[in-house]
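Just below is one structure, and these are the notes that go with it.
The values are calculated or read from the model by the stated rules, or taken from the named source; none is laboratory data. Owing to the predicted nature of the structure, the values given are computational and were not obtained by experimental measurement. Cβ sites come from the backbone with ideal geometry, for glycine too, and all protein chains shown count toward neighbours.
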Amino acid sequence: MKLYGTPLSPYFCRVWFAALLKESDLELVIGPPDVLSDPNRARSPTGKIPFIEDGDLLLYESEVIVEYLEDKMPTPALLPTDAAGRARSRLISRLVDLYVLTPVHALVPQIRGVPRDEAVVAHHLAAIKSGLAHIDGTITPGPWCLGNAPALADCALATALWYLPNILRHFASTDLREGYANLTPYWHFVQAAPEFTNAFATMAETRDAFRRGLAETYGENA
């Protein structure tokens, strides 16, 4: 089974983290982050990453992929056994996608916008803060977001929280992950969780290399 994408994508990393928790032998096929320069994207029906190949199956959309991994490799389980717990895991992933990552990505055109539309920036920053507040009220860190065992929700939330400063450093002088009763201690725990330590390091190395390339193209503060 092969996973295509880049560690700069929180959606790619969501699947990768689920595979790590499953101790799967998923093969990573890593390409450049630029949508125009990555030939693998042309093989995805939506032109997006990530997608996986499992024999003759080509599957895309990160949340569908992690559910597929859960069905294909049910041990260790990454969804709670009770209906309410499973729904909460899916709710957290949904909140991450709709109310955090969507406004984060809406800010990307403003990074090099001249002039920058400050009203648009303020709108999306407020939406991100609201989304994080919703998540803060939904998780119950213990120390994972749903208790003492990792869930698919952790794969979505941990990778999104890591990703935020990649974009928000251009717009916010403070760390928007700080100041929450539940979310902040969760982030402090999960960024050092041994299950993900090596992956986070690889993500940081990829980010730093990407920034060096941007600096060469756009200047030192790109």
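Scan segment 44-75 for residues that are part of a helix (DSSP H, G or I) and surrounded by 14 or more Cβ atoms within 10 Å (Cβ to Cβ) and jot them down. Please lay out each step first, then the result.
We begin by selecting, within segment 44-75, every residue part of a helix (DSSP H, G or I); these are 62-72.
Hits for segment 44-75 are SER62, GLU63, ILE65, VAL66, GLU67, TYR68, LEU69, GLU70.
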Restricting attention to helices (runs of 4 or more DSSP H) lying wholly within segment 76-183, give those where 2 or more residues are within 15 Å of TYR11 (Cβ to Cβ) and of a type in the set (Gly, Ala, Ser). 152-168
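Residue-by-condition table, conditions (1) among the aliphatic types (A, V, I, L, M); (2) over 18 Å from GLU63 (Cα atoms); (3) at pLDDT 95 or above:
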| residue | (1), (2), (3) |
| --- | --- |
| ALA77 | yes, no, yes |
| ALA87 | yes, no, yes |
| LEU95 | yes, no, yes |
| VAL100 | yes, no, yes |
| ARG116 | no, yes, no |
| VAL121 | yes, yes, yes |
| GLY137 | no, yes, yes |
| THR159 | no, no, yes |
| PHE171 | no, yes, yes |
Can LEU28 be described as outside any helix (DSSP H, G or I), touching a strand residue (DSSP E or B) at 6+ places or on another chain (Cβ under 8 Å), within 21 Å of LEU157 (Cα to Cα) and aliphatic (A, V, I, L, M)? yes
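Name the one entry in ARG94, ARG41, ARG116 that is closer than 25 Å to THR217 by Cα and surrounded by fewer than 16 Cβ atoms within 10 Å (Cβ to Cβ). Let's see the steps before the verdict.
Numbers: ARG94 fails: closer than 25 Å to THR217 by Cα; ARG41 fails: surrounded by fewer than 16 Cβ atoms within 10 Å (Cβ to Cβ).
Unique residue meeting the criteria: ARG116.
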Between VAL64, VAL108, VAL104, which is outside the structural domain of GLY179 (by TED's automatic domain parsing) and β-branched (Val, Ile, Thr)? VAL64
